Amino acid sequence: MSSLVECKSCKHQVDRSAKTCPNCGAANPGVKAWTGCLVVFILIAAVGSLVGIIKDNNTVTTDGSPTQPKSETAKPIKKENLGMGFTTTEFISAYKNAAKEMNLTINPNNLTVNDSDNGEEQITNAALSNNLALIITANKISGDVTDIIFIGTGDGTLKSGANVLEGILSAVIATNPKLSKADRGSVINSLGFGSKRGQLGGTAIRNGIKYTLTQTETMGTWLTISSTKDEQIE
């Protein structure tokens, strides 16, 4: 095979290994331009593959220092369920049934539900009447109810006061359907109804559910219902 090739610049016959062309002085006259490009391309591809392999096995922090190789994505830790064992829909259905069973004067079908998201919680406002309402908080993922607030604002009449009591009793029955009538009465008494003090308020716990009643002149009567699962047992 002849060692003579054309100069890449002037086409003069030169030795393939010549450093310069004796005719035009071009450097490396026997090396074609595309040959050099091919070598560069191969080098770039090799470096790119190497970088890809390194990235697949390591991560780099913001300051440029390498970290440990990637591991499998950690599964989220499931939080303990601190709910009361029923969903918002189930509670509203139970509340309607309790009101109907007890022949309460509130309208059990007058429930206007408006859902609003608050982070990991779903809050439902249920209006029983102009002066009675429920605020139900549930876990957005599991749907389990975690807190219930009953709000009653009487106008000083016996009827409005009876409606507040009936609304509270319906909430107790709906959240604790297995309570006997005697135990229901015990809960109501613990919350201050029938007390000679003239001021409602108190706490009762039945079957892992806590009932707390407060009353103020400006805010009316508030019954807070929650699970006792998140309370530390001493």
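So here's what we get for this one:
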read-out	value
Qualifying residue in segment 184-206 (condition: outside any helix (DSSP H, G or I), among the basic types (Lys, Arg) and surrounded by 16 or more Cβ atoms within 10 Å (Cβ to Cβ))	yes
Sole exception among (1) outside any strand (DSSP E or B); (2) among the polar types (S, T, N, Q); (3) over 16 Å from residue 95 (Cβ atoms) for residue 170, by number	(3)
Residue selected from segment 153-208 under the condition of a type in the set (Ser, Thr, Tyr), modelled with pLDDT under 90 and under 23 Å from residue 136 (Cβ atoms), by the criterion nearest to the chain's Cα centre (by Cα)	153
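The values are calculated or read from the model by the stated rules, or taken from the named source; none is laboratory data. Predicted model, so just to flag it, every value in this text is computed and none were measured. Please note: Cβ atoms are built from the backbone with ideal geometry, for glycine as well, and neighbour counts cover all protein chains shown.
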